[in-house]
1. Identify, by number, the condition in (1) in contact (Cβ under 8 Å) with a residue 40 or more places away in the chain; (2) on the phi < 0 side of the Ramachandran plot that residue 117 doesn't meet.
2. Could you please find all residues in region 49-75 being at pLDDT below 85 and surrounded by 12 or more Cβ atoms within 10 Å (Cβ to Cβ)?
3. For region 73-161, list the strands (runs of 3 or more DSSP E) that sit wholly inside it and hold at least 2 residues that are within 18 Å of residue 61 (Cα to Cα); which are they?
4. Which condition breaks for residue 89 when tested against (1) more than 28 Å from the chain's Cα centre (by Cα); (2) surrounded by 13 or more Cβ atoms within 10 Å (Cβ to Cβ)?
5. Yes or no: residue 99 under 30 Å from the mean Cα position of the chain (by Cα), free of Cβ contacts under 8 Å to residues at least 60 places away in the same chain and surrounded by fewer than 13 Cβ atoms within 10 Å (Cβ to Cβ)?
6. Would it be correct to say that residue 21 is surrounded by 10 or more Cβ atoms within 10 Å (Cβ to Cβ), over 20 Å from the mean Cα position of the chain (by Cα) and modelled with pLDDT under 85?
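The values are calculated or read from the model by the stated rules, or taken from the named source; none is laboratory data. Since this is a predicted model, take the numbers as computed values, not measurements. Every residue, glycine as well, gets a Cβ built from its backbone with ideal geometry; the counts of neighbours run over all protein chains shown.
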C-alpha cells in the first residue's frame, strides 16, 4: 500500500490576532495624534482671520462715511442736531445749502436742501448725533450688533434742538 501525504494549511485569521501593539506602533500612533492636535490652533486662527475679513466691508463703509462727513464739516457755517420722533438728524449749513444726514429705515441718507436720497451707510440699527461741549458725537449700532462711535471737533457755530 501506498502512503498518502496530507498537507495541512494553516490559515491565519487577522481579526483574532492577539499579539497587541508593539512599542513602535504606539509611538507612531502618538506622533500622528500629536501632529493632528498641533494643526487645530492654526485652523481656528485661519477661521478667525476669515471672519475678520468679512467684517472689513462694514468697517470700510463706516470709515468712508467718517472721511466724507469730516470734509463737509470743514467748510460748514453751522452744525445742528435735530431730534424728530426719537431719531436724531445732523444738519449743516455750507455754501448757502443745507446738508442733512438722517436715518431712513436701516440706512443713513444724505440730502441737500431737502432733495436727493444718497445712501451713505447701510445696515444701521440705531444712530445718534449729539453735540457735547466742543465735539459733535456720532454713536452707531449696526444690525449685526457692532457698536461704534466717532467724535469731531467743532470749529463752527453749533446748535442742538
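1. Only one criterion in (1) in contact (Cβ under 8 Å) with a residue 40 or more places away in the chain; (2) on the phi < 0 side of the Ramachandran plot is unmet by residue 117, namely (1).
2. Hits for region 49-75 are 55, 58, 59.
3. 97-104, 107-112, 115-121, 124-132, 135-142, 147-153
4. (1)
5. no
6. On the way: surrounded by 10 or more Cβ atoms within 10 Å (Cβ to Cβ): yes; over 20 Å from the mean Cα position of the chain (by Cα): yes; modelled with pLDDT under 85: yes.
In short, yes.
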